[in-house]
Each structure stands twice: as structure tokens, then as C-alpha cells.
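> Have a look at the structure that comes next, please.
The values are calculated or read from the model by the stated rules, or taken from the named source; none is laboratory data. Bear in mind the structure is a predicted one, so any value in this text is a computation, not a measurement. A quick note on method: Cβ atoms are made from the backbone with ideal geometry, for glycine too, and the neighbour counts reach across all protein chains shown. Side chains included, ligands, DNA and RNA excluded: accessible areas come from the protein's heavy atoms. Shrake-Rupley method; radii C 1.70, N 1.55, O 1.52, S 1.80 Å.
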Amino acid sequence: MPETKKENHITEVIENVKVSEGVWHITVKAPKLAQAAKPGQFVQVLVEGAGLLLRRPLGIAGADAEQGTVELFYRVLGKGTAKLTGYRAGDSLSILGPLGHGFDTSAGNVLIVGGGMGLAPTKFLAERLEHCEALLGGRNAGELFWTKYYEPATEAMHITTDDGSMGTKGFTVAVLPELLATGKYDRVAVCGPEIMMKKTFEICREQGVPCEVSLEKRMACGLGACLSCNIDSTDGRRLHVCQDGPVFRGEEVFA
Amino acid sequence: MTYDPRLAVDICGIHMNTPIITASGTFGFGEEFADFVDLERLGGVMVKGTTLLPRRGNEGVRIAETPAGMLNCIGLENPGAEVFLKETLPRLKKYNMNVIVNISGSTTEDYGTLAEMLDVDGVAAIELNVSCPNVKEGGIVFGTDPVAASAVVRAAKAHTKKPVILKLSPNVTDIVMMAKAVEEAGADAVSLINTLMGMAIDIRTKKPVLGNITGGLSGPCVKPVALRMVWQVAKAVKIPVLGMGGISTAEDAIEFLLAGASAVVVGTANFVDPSVTMTIADGIAAYLDEQKVAHVNELVGALQA
Ligand SMILES: Cc1cc2nc3c(=O)[nH]c(=O)nc-3n(C[C@H](O)[C@H](O)[C@H](O)COP(=O)(O)OP(=O)(O)OC[C@H]3O[C@@H](n4cnc5c(N)ncnc54)[C@H](O)[C@@H]3O)c2cc1C
Ligand SMILES: Cc1cc2nc3c(=O)[nH]c(=O)nc-3n(C[C@H](O)[C@H](O)[C@H](O)COP(=O)(O)O)c2cc1C
Ligand code: FES
């Protein structure tokens, strides 16, 4: 895969709005980034505020090359993401990217599996794939505000909630085996809590369907230089999520 | 390429296009930053800490942000000297940069062995890391004991013709004494400061944030301490002092030069802005214009105190 040039983009905030409890959606004007971005890649956002230092890694959730815009979703977790909610249209935001390696976007019918903020990067994937379906999981209907973004980008949506307030009651991995058993899918792409990704990979392996997973680790540089984002590969190598990932073939990282 | 001659310096016989070097562990092997930085314009790249054998580094969380700084406990993850020489170094040739190899050993002999292995074309100098606070065996012992640190310098000097830079730890009672000891042992230059030992606790889980419990503090928050130490050491030794600790802007860099550093080293700031070293170089040039100073060397130690 030829690497695109990494760059620091001084972007302009177009819109920054709350879309659900604790989750925000920010759109920025970044024409070159919008051109270069591939689903699964991420950016390092510099949130400025007293005492804040490092950039925050966020998955690219959409890129419109024509409009020159890039979308991100973020959950308000700590100091940086809290500060990010204060950015208004017209403010400038420094964004480094695109970083890392993304999902396979070649032809084929893909089942996207996602939960929580994992649904941000896979939304971009859905938008770039010719044929895909999505299996979305959340604790309750409120968490699945995502459906409005996935609806136009997928051929079918399958939904599970822990409390049964929307779709099937239970976890995504409970529904996954029957979906895969249809034999419709050429591969699976999953992003969500690590336990969900591991389970998803295991079920895919049993059924012989290739599965890509997208990992998260604390990062400083995002460029493969600081070695803070290490993980172990199944064959015992040290990998770095920012450079070797964040998207990996399941068998590379889950035993 | 031709560069502003007013910024060019010579340190231990190494020609540097600017007195701006990047700090070990914060700039990979330099190539990771090729999209952002003209590597040849840098005074040098202090590459990832290298050990005799490959090291996997520490487990668990390796970094944490702190107010205006960060803690790290990477634990010297690196492919080992052999792989560095065979695979990395040849790859770095095309960048035409001064490669300064930062080395760590578990024994005094390790430093000699590494110095000898690295006495090859393509290596500009060797920086002895005797103060990595994240590695259990050794490291810190050499960094806090003037006798042990001097022995390490002698071991390295005996095995290489390259300039040997000793990196001083701030985690000592008297850094001036350490600096004088290693100067006497034959170090060609000293660099300082390495990270300050620190820690962070997650009050929800009541557990340490870092996998290694403690880690090294770096970034803007350490700058005043680093500047003070550079000033004290520069007054006490005749060999060049490479100053670092929290440098993020040209103003920061100029402070270190005025305090007596012959060159500055930029670490953590590279994570925030990967092209920060270029901005710093431009800023120093602008300061020379503004102050009508003919050459950056004139700033070194020009503090009026
Ligand atoms: C490749 C990648 C993609 C990501 N994509 C998204 C996304 O699209 N949407 C989203 O909401 N979140 C995403 N995250 C997680 C997000 O980076 C963290 O939630 C965020 O950095 C927390 O910052 P904070 O300032 O609010 O928290 P603080 O706790 O104040 O952060 C302190 C430090 O810890 C780091 N940190 C804390 N939690 C995490 C974490 N879970 N992962 C990585 N670093 C962390 C921060 O970057 C910062 O350096 C992603 C993480 C990675 C590694
Ligand atoms: C992530 C990280 C890794 C580091 N690794 C090394 C190392 O391998 N060897 C070394 O001598 N210093 C290492 N350091 C210390 C830096 O080289 C530098 O001395 C210190 O960070 C202070 O400078 P700064 O505040 O500009 O970062 C590391 C620092 C950081 C932040
Ligand atoms: S975040 Fe620095 S190496 Fe991955």
C-alpha cells in the first residue's frame, strides 16, 4: 500500500454538535486530508487548553473530497475531549494525518460489526464500500443514534441492544453466527470494545470468514516514533498500533 | 542544500547546519519525521536508545499526560545494535543527517562493546544513556554515581574514535559534580537533562497509571529545572553542553543557548508538532536579525547575570 504523505492540517471547524449523551460530532474543512483519508485511518487532534500537551487520536469517520470536509465523532471522556466540545464554527483546529493503515476496501460484500465509538471509523468504511451490511450493537436504543448514518450507507442493518430497547436483545456476537452462516459475506470488519472484537474474530475464524479488527492504544506521537502504542502480535513480534495498525488482520493480534 | 551560515555550528568536530538536535526516544530514527522535517537541516538526530540485545520494553500503559508534560516508561524497546547496524543505519544514509546513537548497557563492558560496534561510517557520535529511569537492571546506578559514570565514559572512549556524549540524569543531588566527573573521564560533551523520575495514580482504580509504576517526566513542565541545570553545568565544564528539557519554541531554545548550551535538543515537543524543530530554527534566525547578532555562537553563554 503506497503511503500517503502525513501532514499537519490547520483546519477550520464547520460544525461541532452533540449527537447523543456524551458523544459529539465535529466536521472540519480540510481539503487535502479529505482527499487522502482512507477508512480505518485516524488523525491526531491538537486540543488547546491550559496544561494540555499531547494530541488526541480519533478515527476518521467520514471524508468528502468534493466538499473538502472531514468528520470525527468523539466521546467526552477526559480533559481533552471535554475541551474539544468548546470549539465553535470558524475556530481553527490542528489535525495531523492521515495516520496508520486502514481497512480493506477492495470489492466484495462486507459485514461491518461495531459497538460504541467503534462505529465512527466503520461509518466511513460503510460509505466507501460498494456492498456492505452492518451489525450495530449498543446498550440501549439511545446509543444507536448511529443508525441514521448507517442507513444510507449499507444494504441492511442488523441491530442488537443489551436491554432489548431496539433490535434483538443481547450482544452482537450472539447474532453474528447466524448472519455468517448465510454465506453472504466475503469478510468482516469490526471495531468496538476489545472483547467484542476478539469474540467476533473467533466466530469468523470458526466459519472461515476473514476478519479485520481496529485496535486502540494510548498514543503520543502517532508516527511510530515514541513506541508508546505497543502490542504483541500472535507470532511474538512487537507491533505499534499507530504505524502497523490501527487495522490488523484478526489472526495477527488475537490468538 | 545550503543553509543559513549564521546557524551552522561545529560541536566536537561534527558540522551541524543548525544547533538543533532531536532527543533520543522522541524522534524514532528520524525517518518517521521525514514528511515534516528537513532532516539534513537538523544538527543531528539522537536515535532511539539502543542496547546490545533486542529489548521488548515494558508491559502495560507506557505513557500518561500530566499538566504541561508527560510521563513515559517505554523501557528501551529497540531492535538491538546488530539489527540497527544491518538494517536501520544503511536506510538512514539517504537523509544526509548526523546520526547520534544513544546507547544503554547493563554493565560497563556493554558500553565498550556497543561503542566499538558503532564505530562505523554513518554514525556521527555516541550518546551514553546512563540514566534511563525505566529499566530495572543498571541504568540509574551509572547515572547517579560519578565513579560508575566515569567508568562508562572510559569504556566507551577506549573503543571508539567517535565523539562520546554523556547524558546526565537530573535525578541526582549534585549534577555539577556528575558533569565534572565525566568531563575528567574524557567525555567530549554532556547532554542534559534526561527525564525526571515521576508517577501518576488513577484514583478511581487506586492503581498506578503506568505499567511500570514510575516513569520519566518530560515536556514544558520540566523546562525551568532543565534550564537551571544546564546553566550550572555550563559554568562548571569546558566541554560543550547540549541542553534539553521541555524545549518547544525558539524562545525556549534561545534561553538554553544563553544559559550556556552550545546546541539544544528537542524531545517531547516533536509529538505535539512534528515540524517544531524547523519552526525553532526559523525563530532563532529571526532573533539573530532582530538582535543584530552575527552568529548563533554569540548567544552561547551570553546570559548577563
Ligand atoms: C487509533 C485511535 C482511534 C480512536 N478513535 C476514537 C474515536 O473515533 N472517537 C473517540 O471518541 N475516541 C477515539 N479514540 C480514543 C480517544 O483517543 C480517547 O478517548 C481520548 O484521547 C481521550 O482523551 P481525553 O483528553 O478526553 O482523556 P484524558 O484521560 O484526559 O487523556 C489523557 C491522555 O490519555 C490518552 N487516552 C486516554 N484514553 C485513551 C484511549 N482510550 N485511547 C487512546 N488514548 C487515550 C489521551 O490521548 C491523552 O493523551 C481513539 C483512540 C485511538 C488510539
Ligand atoms: C517517550 C520518550 C522516550 C525516551 N527514550 C529515551 C531513550 O531511549 N534514551 C534516552 O537517553 N532518553 C530518552 N528519553 C528522554 C529524552 O531524550 C529527553 O532527555 C527528555 O524527554 C527531556 O526532553 P524533552 O522535555 O524535550 O522531551 C525519552 C523521552 C520520552 C518522552
Ligand atoms: S504513538 Fe508513538 S509509536 Fe505509536
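> Would you say A:Thr81 is of a type in the set (S, T, N, Q), within 14 Å of chain B (Cβ to nearest Cβ), surrounded by 14 or more Cβ atoms within 10 Å (Cβ to Cβ) and on the phi < 0 side of the Ramachandran plot? Give the steps one after another, and end with the answer.
Working: of a type in the set (S, T, N, Q): yes; within 14 Å of chain B (Cβ to nearest Cβ): yes; surrounded by 14 or more Cβ atoms within 10 Å (Cβ to Cβ): yes; on the phi < 0 side of the Ramachandran plot: yes.
So A:Thr81 fits the description; yes.
> How about the stretch A:182-196: which of its residues are over 13 Å from A:Val247 (Cα atoms) and either in contact (Cβ under 8 Å) with a residue 60 or more places away in the chain or assigned to a helix (DSSP H, G or I) (or both)? Show your work before the answer.
Pass one, the stretch A:182-196, residues over 13 Å from A:Val247 (Cα atoms): A:182-187, A:193, A:195-196.
If the condition is that a residue be over 13 Å from A:Val247 (Cα atoms) and either in contact (Cβ under 8 Å) with a residue 60 or more places away in the chain or assigned to a helix (DSSP H, G or I) (or both), then A:Lys184, A:Tyr185, A:Asp186, A:Arg187, A:Pro193, A:Ile195, A:Met196 are the ones that fit.
> Can you confirm whether B:Ser191 is in a loop (DSSP other than H, G, I, E, B) and among the small types (Gly, Ala, Ser)? Reasoning before the result, please.
Values: in a loop (DSSP other than H, G, I, E, B): no; among the small types (Gly, Ala, Ser): yes.
It is false that B:Ser191 is in a loop (DSSP other than H, G, I, E, B) and among the small types (Gly, Ala, Ser).
> Something else about it: Would you check which residues across the stretch B:50-87 are among the small types (Gly, Ala, Ser), at pLDDT below 95 and under 25 Å from B:Leu114 (Cβ atoms) and list them?
The answer is B:Gly57, B:Gly75.
> To continue, here is another question. Look at the stretch A:61-120 and say how many of its residues are hydrophobic (A, V, I, L, M, F, W, C) and more than 29 Å from A:Leu180 (Cβ to Cβ). Before you say what the answer is, go through the steps one by one.
As a first pass, look at the stretch A:61-120 and keep what is hydrophobic (A, V, I, L, M, F, W, C): A:61, A:63, A:65, A:70, A:72-73, A:76-77, A:82, A:84, A:89, A:93, A:95-96, A:99, A:103, A:107, A:110-113, A:117, A:119-120.
In the following step, the residues that additionally are more than 29 Å from A:Leu180 (Cβ to Cβ) were identified as A:63, A:65, A:70, A:72, A:76-77, A:82, A:84, A:89, A:93, A:95-96, A:99.
Of the residues in that region, 13 qualify.
> Between A:Glu66, A:Glu48, which is more than 10 Å from ligand 1 (Cβ to nearest atom) and away from every other protein chain (no Cβ under 14 Å)? First the steps, then the outcome.
Details: A:Glu48 fails: away from every other protein chain (no Cβ under 14 Å).
Checking each option against the conditions leaves just A:Glu66.
> Name the residues in the stretch B:198-207 that are closer than 20 Å to A:Leu52 by Cα and away from every other protein chain (no Cβ under 12 Å), would you? Before the answer, list the steps.
Taking the stretch B:198-207 and keeping what is closer than 20 Å to A:Leu52 by Cα, we get B:198-203.
Within the stretch B:198-207, B:Gly198, B:Met199, B:Ala200, B:Ile201, B:Ile203 meet the criteria.
> Another one. On the basis of being in the same structural domain as A:Cys221 (by TED's automatic domain parsing) and in contact with a Leu (Cβ under 8 Å, 6 or more places away or on another chain), does A:Val113 make the cut?
Working: in the same structural domain as A:Cys221 (by TED's automatic domain parsing): yes; in contact with a Leu (Cβ under 8 Å, 6 or more places away or on another chain): yes.
When the stated conditions are applied, A:Val113 passes them.
> Restrict the check to the stretch B:106-127 and report whether at least one residue is of a type in the set (A, V, I, L, M), within 15 Å of ligand 2 (Cβ to nearest atom), within 14 Å of chain A (Cβ to nearest Cβ) and touching a residue at least 40 places away in the same chain (Cβ under 8 Å).
no
> May I pose another question? Among the numbered criteria (1) within 16 Å of ligand 3 (Cβ to nearest atom); (2) crowded, with 19+ Cβ neighbours inside 10 Å; (3) within 22 Å of the chain's Cα centre (by Cα), which single criterion is violated by A:Val173?
Answer for A:Val173: the failing condition is (1).
> Against the definition (open to solvent by less than 20 Å² (accessible area, probe 1.4 Å) and out of contact with any helix residue (DSSP H, G or I) (no Cβ under 6 Å at 6 or more places or on another chain)), how does B:Met278 come out, yes or no? Break it down into steps so the answer makes sense when it comes.
Numbers: open to solvent by less than 20 Å² (accessible area, probe 1.4 Å): no; out of contact with any helix residue (DSSP H, G or I) (no Cβ under 6 Å at 6 or more places or on another chain): yes.
Taking the combined requirement at face value, the residue does not satisfy it.
> Would you point out the residue of the stretch A:84-111, among those that are more than 18 Å from A:Val13 (Cα to Cα) and within 15 Å of ligand 1 (Cβ to nearest atom), that is nearest to the other protein chains (Cβ to nearest Cβ)?
First, pick out the residues of the stretch A:84-111 that are more than 18 Å from A:Val13 (Cα to Cα): A:99-111.
Now restrict to residues that are within 15 Å of ligand 1 (Cβ to nearest atom): A:99-103.
On the way: A:Leu99: 11, A:Gly100: 13, A:His101: 15, A:Gly102: 18, A:Phe103: 22 Å.
Within the stretch A:84-111, the match that is nearest to the other protein chains (Cβ to nearest Cβ) is A:Leu99.
> Only residues in the stretch A:198-221 that are away from chain B (no Cβ under 14 Å) count as the first member; pair them with residues that are within 11 Å of ligand 3 (Cβ to nearest atom) and open to solvent by 20 Å² or more (accessible area, probe 1.4 Å), Cβ under 8 angstrom, at least 6 apart or cross-chain, and list the lot.
Note: pairs meeting the criteria are A:Leu215/A:Ile231.
> May I pose another question? Looking at the stretch A:51-63, which of the residues that are away from ligand 2 (no atom under 16 Å from the Cβ) and under 19 Å from A:Leu215 (Cα atoms) is nearest to the other protein chains (Cβ to nearest Cβ)?
For the stretch A:51-63, the residue satisfying everything is A:Arg56.
> If the requirement is being away from ligand 3 (no atom under 16 Å from the Cβ) and either closer than 20 Å to A:Gly118 by Cα or within 14 Å of another protein chain (Cβ to nearest Cβ) (or both), which of these qualifies: A:Asp186, A:Asp162, A:Asp232? Write out each step before concluding.
On the way: A:Asp186 fails: either closer than 20 Å to A:Gly118 by Cα or within 14 Å of another protein chain (Cβ to nearest Cβ) (or both); A:Asp232 fails: away from ligand 3 (no atom under 16 Å from the Cβ).
After ruling out the rest, the residue left standing is A:Asp162.
> Which ones in the stretch B:12-46 are away from chain A (no Cβ under 14 Å), surrounded by 24 or more Cβ atoms within 10 Å (Cβ to Cβ) and part of a strand (DSSP E or B)?
Correct list: B:Ile20, B:Ile21, B:Gly44.
Results for (1) within 14 Å of chain A (Cβ to nearest Cβ); (2) assigned to a helix (DSSP H, G or I); (3) at pLDDT below 95, shown as yes or no for each residue.
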site: B:Gly246; (1), (2), (3): yes, no, no
site: B:Ala253; (1), (2), (3): no, yes, no
site: B:Ala261; (1), (2), (3): no, no, no
site: B:Ala281; (1), (2), (3): no, yes, no
site: B:Asp289; (1), (2), (3): no, yes, no
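> Sort out which residues of the stretch B:14-57 are more than 11 Å from ligand 2 (Cβ to nearest atom), in contact (Cβ under 8 Å) with a residue 40 or more places away in the chain and farther than 29 Å from B:Val296 by Cα, and write them in order of number.
Scanning the stretch B:14-57 gives a single hit, B:Leu52.
> Let me ask something else about it. So, restricting to strands (runs of 3 or more DSSP E) that lie completely within the stretch A:197-255, which ones have at least 2 residues that are more than 16 Å from ligand 2 (Cβ to nearest atom) and either open to solvent by 10 Å² or more (accessible area, probe 1.4 Å) or under 30 Å from B:Thr66 (Cα atoms) (or both)? Before the answer, list the steps.
Values: elements: A:211-214, A:230-232, A:238-240, A:247-249.
Because the criterion is at least 2 residues that are more than 16 Å from ligand 2 (Cβ to nearest atom) and either open to solvent by 10 Å² or more (accessible area, probe 1.4 Å) or under 30 Å from B:Thr66 (Cα atoms) (or both), the strands (runs of 3 or more DSSP E) in the stretch A:197-255 that meet it are A:211-214, A:230-232, A:247-249.
> For the stretch A:1-45, which positions are open to solvent by less than 20 Å² (accessible area, probe 1.4 Å), within 13 Å of chain B (Cβ to nearest Cβ) and not in a strand (DSSP E or B)?
Listed by number, the list is empty, since nothing qualifies.
> Write out, first by first residue and then by second, each pair whose Cβ atoms fall under 7 Å of each other, whose residues are 6+ apart or on separate chains, and whose first residue, in the stretch B:215-235, is in a helix (DSSP H, G or I) while the second is of a type in the set (Asp, Glu) and within 11 Å of ligand 2 (Cβ to nearest atom).
Final answer for the pair search is B:Lys223/B:Asp252.
> Moving on to the next point. Hey, does the stretch B:56-74 have a residue that's more than 27 Å from B:Ala158 (Cβ to Cβ), touching a helix residue (DSSP H, G or I) at 6+ places or on another chain (Cβ under 9 Å), crowded, with 22+ Cβ neighbours inside 10 Å and facing chain A (nearest Cβ under 9 Å)?
Within the stretch B:56-74, the subset more than 27 Å from B:Ala158 (Cβ to Cβ) is B:56-74.
Still in the running and touching a helix residue (DSSP H, G or I) at 6+ places or on another chain (Cβ under 9 Å): B:65-70.
After this cut, where a residue has to be crowded, with 22+ Cβ neighbours inside 10 Å as well, the list is B:69-70.
Adding the requirement that they be facing chain A (nearest Cβ under 9 Å) leaves B:69-70.
Yes: one or more hits.
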